[in-house]
1. Hull surface divided by four, with the convex hull built on the Cα atoms of segment 86-269: how many nm²?
2. Provide the net charge surrounding Q18, with neighbours chosen by a C-beta distance below 14 Å and charges set as Lys +1, Arg +1, Asp -1, Glu -1.
3. Semi-axes of the equivalent ellipsoid for segment 17-123, please: Cα gyration tensor eigenvalues, times 5, square-rooted, ordered largest first, whole Å.
4. Counting helices only, and only those DSSP H runs with n ≥ 4, report the 222 nm mean residue ellipticity of the chain as the sum of -39,500 (n - 2.57) divided by its residues, in deg cm²/dmol to the nearest 500.
5. Using DSSP to call loops (not H, G, I, E or B), can you name the trypsin sites (Lys or Arg not before Pro) in segment 56-148 whose Cβ has at most 16 other Cβ atoms within 10 angstrom?
6. By a straight-distance test (C-alpha under 26 Å), which lysines pair with K165 as possible cross-link partners, with residues fewer than eight away in the same chain excluded?
7. Give me M124, M157 sorted ascending by neighbouring Cβ count inside 10 Å, so fewest comes first.
Amino acid sequence: MMLPPSTLSDEEFRLLRQLFHSEIGLHLSSSKKSLVSGRLVKRLGMLGLPSFKDYYNLLMAPEQDEERQQAIDLITTNETYFFREHKHFDFLRQQILPSADRSHTLKIWSAASSTGEEAYSVAMLLEATRAHLPWAVFGSDISSRVLAAARRGLYPMARGEKIPKDYLKRFCLKGLGQYEGQFLVQQELRKKVEFRQLNLMGLPSSLGLFDVVFLRNVIIYFDLPTKARVVRAVAEHLRPGGWLFVGHSESLHGMDSGLELVMPSIYRKRAP
């Protein structure tokens with residue numbers, strides 16, 4: 001009979017913390033030790049590994065790309081809901097969209113899209129206000145697990161409590177039978193949102209430029225050097241005059257990012 005995995009030691013936590021920082025820039029304070037243990041311990045049991053050191057050794061093996069992704073999926077936090085921080089969507093609708101260039105495709109990037117609520121919120125707003133003008137919404141995340149959920153577009157009703165009633169009626173289908181208590185984003189809207197796995201620590205140059213980027217509630221998990229690195233990398237994919245939204249509890253203060261503060265949590269890229 002396989003014994004349950006041992007408890008996470010300080011040394012094992014240090015090794016795992018170092019691994020996650022090098023892979024995705026995630027900063028795990030000492031207070032997160034129990035969280036790391038809780039999220040990984042079942043995986044150790046499934047693999048029949050007796051200790052977290054054995055699991056770390058497995059993750060470090062060059063051929064274990066899939067297992068490293070599995071660990072990243074387990075450790076990253078992905079709590080969100082539709083139209084989170086509604087003032088950002090008000091600003092997008094009232095300040096950005098009316099003055100946006102109508103001759104080119106408006107491109108908006110949800111840079112830590114999690115299970116897709118943010119990207120679909122933006123898509124609903126654009127379809128409701130800019131249906132006859134070209135637009136594109138792109139969502140990315142480090143976790144393949146949440147991206148699979150995003151592409152499916154099926155959510156508990158509680159996640160949609162902030163969706164405007166007319167949007168809910170127009171863009172969502174209420175679940176029945178085995179899907180009672182859930183809703184599905186309509187297929188026509190889902191087709192207009194592209195999701196792709198990306199690591200913010202290594203963005204490809206082929207990503208292109210965006211008019212608006214939502215980078216909300218993600219840099220709070222990085223240490224200061226990593227925050228600066230990620231923000232600079234994301235800013236390189238903003239058009240001159242483009243907009244960046246961060247979480248209300250986040251700030252770019254002290255970072256040389258080429259972005260100017262317009263109002264708390266909203267920045268704009270300086271023109272050359």
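1. Result: 10.6 nm².
2. Details: positive: R14, R17, K32, K33, K53, R68; negative: D10, E11, E12, E23, D223.
My count for the surroundings of Q18 gives +1.
3. Numbers: eigenvalues 306, 46, 28 Å².
Square roots of five times the eigenvalues give 39, 15, 12 Å.
4. So the calculated ellipticity at 222 nm is -11000 deg cm²/dmol.
5. Values: sites: R68, R84, K87, R93, R102, K107, R130, R145; in loops: R84, R102, R130.
Passing sites in segment 56-148 are R102, R130.
6. By straight Cα distance, K165 reaches K87, K107, K174, K191, K192.
7. Working: M124 25, M157 14.
Listed from fewest to most nearby Cβ atoms, that is M157, M124.
Quick note: the coordinates plus some simple rules give every number you see, no bench work behind them. Predicted model only: the values in this text are computed from it and were never measured. Neighbour counts run over all protein chains shown; Cβ positions are idealised from the backbone, glycine included.
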